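Read through the structure below, which is laid out as structure tokens, and then see the notes.
The values are calculated or read from the model by the stated rules, or taken from the named source; none is laboratory data. All values derive from a computational prediction rather than experimental measurement. Methodologically, a virtual Cβ is constructed for each residue, glycine included, from the backbone with ideal geometry; neighbour enumeration extends over all protein chains shown. We work out accessible area using only protein heavy atoms, side chains counted, and drop any ligands, DNA or RNA first. Shrake-Rupley method; radii C 1.70, N 1.55, O 1.52, S 1.80 Å.
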Amino acid sequence: MKRAILDSILATISRGSKCYWVLLDPDDFTLEEGARVAEESQSCGADAILIGGSLLYTNHFDKFVSFVKKAVSIPVILFPGDATQLSASADALLYLSLVSGRNPMNLIGEHVKAAPVIRECGIEPIATAYMLVESGSVSSVEFMSDTRPLPRNKPQIAAAHALAAQYMGMGLVYLEAGSGAQQSVPPEMIKMVRSYVEIPIIVGGGIRDAAAAREKLEAGADIIVTGNVLKNKNGVTLMREIASAVKNF
Ligand code: 1GP
């Protein structure tokens, strides 16, 4: 099984560096816009492009991934809401288990549907513990997955989930407040998860500026993800500042 992308993430982190990933939701862009925004993200300093969404309204997923892939030299990683969001043009995919929930479809069901297609596409699956964190309102992931998020004031519960995922062999932990979250993942929770696991910690959802990114890094995050920031009218400046906060941490 391929593991070049996971190995390069692990190598970066073991050198003491942090990563910045930019998430593109294919519903938000035409193919040409997606390619342009991906290129812009790369030139701002993004280390990888994530592509996916909880629920898609457009029917151009595969083409979108292929347009983005042609536009950038950094890895393109799928962040699929379900087993239909797959594309052979990507380098890897986060093989997400929604371990904060108890919905069997998000723990194994979608994985079984996706596995033969992933094998055929030849993309690298990266087993990732996806943990949804309460963020002030119902997120799309919460609604679509029919699961409850982790209580934001109970970091020890989050740590137990992350540790269980590490024991199960997962390669990454993703602490997710949800796209456009009012409140991002609390630093206390990141700190406690960091003290329990050695695998890299991704943090995303509601990170809107460099100060917020720095707060997550100080708490122990290894990879910062932003999505909505790029839709901001000064999105390029904000992404540049976030990338620089990550690189110079
Ligand atoms: C990635 O869903 C997030 O984890 C992206 O969230 O759009 O709020 O940056 P934002």
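Some observations on this one:
- Hits in the stretch 194-213 (condition: in a helix (DSSP H, G or I) and within 15 Å of the ligand (Cβ to nearest atom)): ALA210, ALA211, ALA212, ALA213
- Qualifying positions in the stretch 52-66 - closer than 20 Å to LEU94 by Cβ, open to solvent by 40 Å² or more (accessible area, probe 1.4 Å) and not in a loop (DSSP other than H, G, I, E, B): ASP62
- When LEU86, LEU98 are checked against the criterion of being within 16 Å of the ligand (Cβ to nearest atom), at pLDDT 95 or above and aliphatic (A, V, I, L, M), LEU98 stands alone in meeting it.
- GLY178 meets the conditions (1) assigned to a strand (DSSP E or B); (2) over 20 Å from ALA245 (Cβ atoms) in every case but one. The failed one is (1).
- The lone exception for LEU175 - which of (1) surrounded by 13 or more Cβ atoms within 10 Å (Cβ to Cβ); (2) within 16 Å of the ligand (Cβ to nearest atom); (3) among the hydrophobic types (A, V, I, L, M, F, W, C); (4) more than 24 Å from CYS19 (Cβ to Cβ) it fails: (4)
- Search result, residues across the stretch 182-200 that are farther than 23 Å from SER137 by Cα, of a type in the set (A, V, I, L, M) and under 15 Å from the mean Cα position of the chain (by Cα): ILE199
- Within the option set MET239, MET189, being within 12 Å of the ligand (Cβ to nearest atom), buried (at least 22 other Cβ atoms within 10 Å of the Cβ) and not charged (D, E, K, R) holds for one residue only, MET239.
- Just one of the listed residues (LYS216, LYS233) is modelled with pLDDT under 95 and either assigned to a helix (DSSP H, G or I) or more than 12 Å from the ligand (Cβ to nearest atom) (or both), namely LYS233.
Each row is one residue, and each column tells you yes or no for (1) assigned to a loop (DSSP other than H, G, I, E, B); (2) at negative phi; (3) open to solvent by 30 Å² or more (accessible area, probe 1.4 Å); (4) within 13 Å of the ligand (Cβ to nearest atom).
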{"residue": "ASP7", "(1), (2), (3), (4)": "no, yes, yes, no"}
{"residue": "ILE13", "(1), (2), (3), (4)": "no, yes, yes, no"}
{"residue": "GLY16", "(1), (2), (3), (4)": "yes, no, yes, no"}
{"residue": "VAL22", "(1), (2), (3), (4)": "no, yes, no, yes"}
{"residue": "ASP27", "(1), (2), (3), (4)": "no, yes, yes, yes"}
{"residue": "ALA38", "(1), (2), (3), (4)": "no, yes, no, no"}
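- When the stretch 72-112 is filtered for residues that are of a type in the set (Val, Ile, Thr) and open to solvent by less than 30 Å² (accessible area, probe 1.4 Å), the ones remaining, listed by number, are VAL72, ILE74, VAL76, ILE77, VAL99.
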